[in-house]
Amino acid sequence: MTDPLENAYPKVGYQIVEWDMLKPPDERVMPLTHTNRLKLFEMSVRTDRNLTEYSLVDSLRNTYTEGDLNEASDTVDPASVNEVVSDIASSDGKSQRVALAHLAKMAATSPDECIPAVDLVIELLSDSHPAVQGEALGILTRVVESDPERTRAGVKPAIHLVDESTHSLLRNEAIQFLAEFADHDPTVVTDAIPQLARLLRDESTDTDSTARILASVGSSQPDALVDVVTKLELFLETEPERAHVWVLRAIGHLSKEHANVTVDVAPTAGELLSTDQYTIRSNAAGVLADIADEYPTEVKPWIPDVIELVQDPDELVRYNATSILARVAKEYPDTVSPATEELLAVLNDESADTRFNACWALKRLKATSALETLTELAATDPDEDVRSVAQMAIDSIEE
């Protein structure tokens, strides 16, 4: 007898299937679009309706009922965790998957209580079905926030799953776990950087988590990003604004150490200065500020856009904008001089660092119109460094 679900079972994970009882038997089964998931924990069994029924099936041709998914206790304690761990270790197939889903439910509410299950969960990352690996990675992603060191052994097998040959649903689970662990210790995911950079433009990849890992690594090991800068630049140029904040942050970390490597990113960062998202504006301006320190000529074309940012509503945008102006003014004061009024206006900015930058820029512009305000600042500003640079600006302008 032909299995009516023959063409409805997913390649990996779980799928919700609709049975339209008004249709002929050979036409009534239809997998519902966008309901394929890798983790059973994320699934639920839909309630049947008049002349419409639903099934939840997996790639091994198992069918799951509401009872399978709701048997787990709402209370989480060591005894209940030990019981579920025992069920996972002593079973396979559907029974093991149901037990894993129950453990995932526990980890979602009480990750601390699930720490004793970590060693077994990590074992499941090797030589298991993708759905089992995905559920295991989901559990580790929860637990890593509570006890990252206990999950360290899962990093290496997770990196092995960050590959084009791995199904995208499983690959994204691995990336999400690595992103959480990288917040704790980015050094252990350095080996994955080339592969992660290649995956950035893959539409099936969790781009935010991928870029977040790159930014984490860049914060502690900027040299690890040197060989992938061109891929990061290409991503910024060709993709919508998704994950741009993280990618710009990664490039920014590298720019502080190796502006010569990131200087070609200047035009792309310049284009992003006018975006509506303030975090992208801020990070783009930060990249340009780092590049401007050594390569002011490359940043010079974007000064009109930077001037507009001096009065941006966001504090960090204003700070980065004044950093750019102060650095470019050293070589090109005439280019920056149209910013004089804006720089005067931010001498009362709440941020001492922004006031400091503005003073430096006005010093390099020889802005005589700023003398009165600078004199007051040198005498009354609450920040010692600002008072000092304000006086330096006064002395330079009066020479």
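Comparing Val336, Val45, Val265 in a Gaussian network model of the chain where C-alpha atoms under 10 Å apart are linked, the largest mean-square fluctuation is found at Val45.
Probe radius 1.4 Å, ligands and nucleic acids left out: which of Arg28, Arg46, Arg281 has the largest accessible area, and how do the rest follow? Kindly include the intermediate steps, with their values, before the conclusion.
Working: Arg28 50, Arg46 105, Arg281 30 Å².
Of Arg28, Arg46, Arg281, the descending order of accessible area is Arg46, Arg28, Arg281.
Within segment 117-141, list the residues whose amide N lies under 16 Å from a label point set 7 Å along Cα→Cβ of Ser86. Label zone hits: 117.
3J(HN,Hα) along segment 361-378, derived from phi through the Karplus expression 6.51 cos²θ - 1.76 cosθ + 1.60 where θ = phi - 60°, amounts to 4, 5, 4, 6, 7, 6, 7, 4, 5, 9, 4, 4, 5, 5, 5, 5, 5, 4 Hz, with x in place of Gly and Pro. Solvent-accessible area per residue in segment 78-130 equals 45 Å², computed with a 1.4 angstrom probe and all protein chains kept.
Hey, got a sec? Which GluC sites (Glu not before Pro) in segment 1-85 land in a DSSP loop and have at most 15 other Cβ atoms within 10 Å?
On the way: sites: Glu6, Glu18, Glu27, Glu42, Glu53, Glu66, Glu71, Glu83; in loops: Glu6, Glu27, Glu71.
Listed in order of number, the matching sites are Glu6, Glu27, Glu71.
Across segment 32-49, coupling constants 3J(HN,Hα) worked out from phi with the 6.51/-1.76/1.60 Karplus curve, θ = phi - 60°, read 6, 4, 6, 10, 6, 10, 7, 10, 5, 4, 8, 9, 9, 8, 6, 6, 5, 10 Hz, and Gly and Pro carry x.
Accessible surface computed residue by residue for segment 189-300, with neighbouring protein chains in place and a 1.4 Å probe, gives 40 Å² per residue.
May I ask for the angle, rounded to the nearest 10°, between helix 244-257 and the longest principal axis of the chain, with both axes built from Cα atoms and the value confined to 0 to 90°? Compared with the principal axis, the helix lies near 50 degrees.
If you line up the long axis of helix 78-90 against the longest principal axis of the chain, both from Cα atoms, how many degrees apart are they, to the nearest 10? The answer is roughly 60 degrees. Per atom type, segment 268-399 shows carbon and sulfur on 42% of its accessible surface, probed at 1.4 Å.
Give the relative contact order (percent, whole number) for segment 247-362; include only Cα pairs under 8 Å separated by 6+ residues. Mind showing how you got there, number by number?
Details: 166 pairs, mean separation 24.7, N = 116.
Taking the mean separation of contacting Cα pairs over the length of segment 247-362, I get 21 percent.
Remark: relative contact order (the chain) = 7 percent; criterion is Cα-Cα distance under 8 angstrom and separation of 6 or more residues.
Ligands, DNA and RNA left out, the accessible area of segment 23-173 computed with a 1.4 Å probe is 46% carbon and sulfur. With the simple model of a label 7 Å out from the Cα in the direction of the Cβ, Leu22 to Asp227 spans 6.0 nm. Axis angle, to the nearest 10 degrees, between helix 384-398 and the longest C-alpha principal axis of the chain: 40 degrees.
Rolling a 1.4 Å probe across the protein heavy atoms gives segment 1-74 an accessible surface of 63 Å² per residue.
When Asp26, Asp349 are compared by accessible area at a 1.4 angstrom probe, the order from most to least is Asp26, Asp349.
Could you tell me how far the Cα centroid of segment 64-116 sits from the Cα centroid of segment 192-225, in Å? Centre-to-centre (Cα) distance: 32 Å.
Result for the chain in a Gaussian network model with C-alpha springs under 10 Å: among Asn283, Asn320, Asn348, the largest mean-square fluctuation is at Asn348. Rounded to the nearest 500, what is the chain's calculated 222 nm mean residue ellipticity when only DSSP H runs of at least 4 contribute -39500 (n - 2.57) each, over all residues? Theoretical 222 nm ellipticity from helices: -17000 deg cm²/dmol. Annotation: extensible slack from Tyr332 through Ser165 equals 55.0 nm (criterion: 0.36 nm per residue apart, minus Cα-Cα distance). Computed from backbone phi with θ = phi - 60° and the Karplus coefficients 6.51, -1.76 and 1.60, the 3J(HN,Hα) list for segment 192-208 is 8, 4, x, 5, 5, 5, 5, 7, 3, 8, 6, 5, 8, 8, 6, 5, 4 Hz; x is used for glycine and proline. Per-residue SASA remark: Tyr332, around 60 Å² accessible (1.4 Å probe; ligands, DNA and RNA not included).
The values are calculated or read from the model by the stated rules, or taken from the named source; none is laboratory data. No experiment lies behind these values; they were computed from the predicted model shown. Heads up, the Cβs are rebuilt from the backbone with ideal geometry, glycines too, and the neighbour counts pull from every protein chain shown. All accessible areas refer to the heavy atoms of the entire protein, side chains included, with ligands and DNA or RNA removed. Shrake-Rupley method; radii C 1.70, N 1.55, O 1.52, S 1.80 Å.
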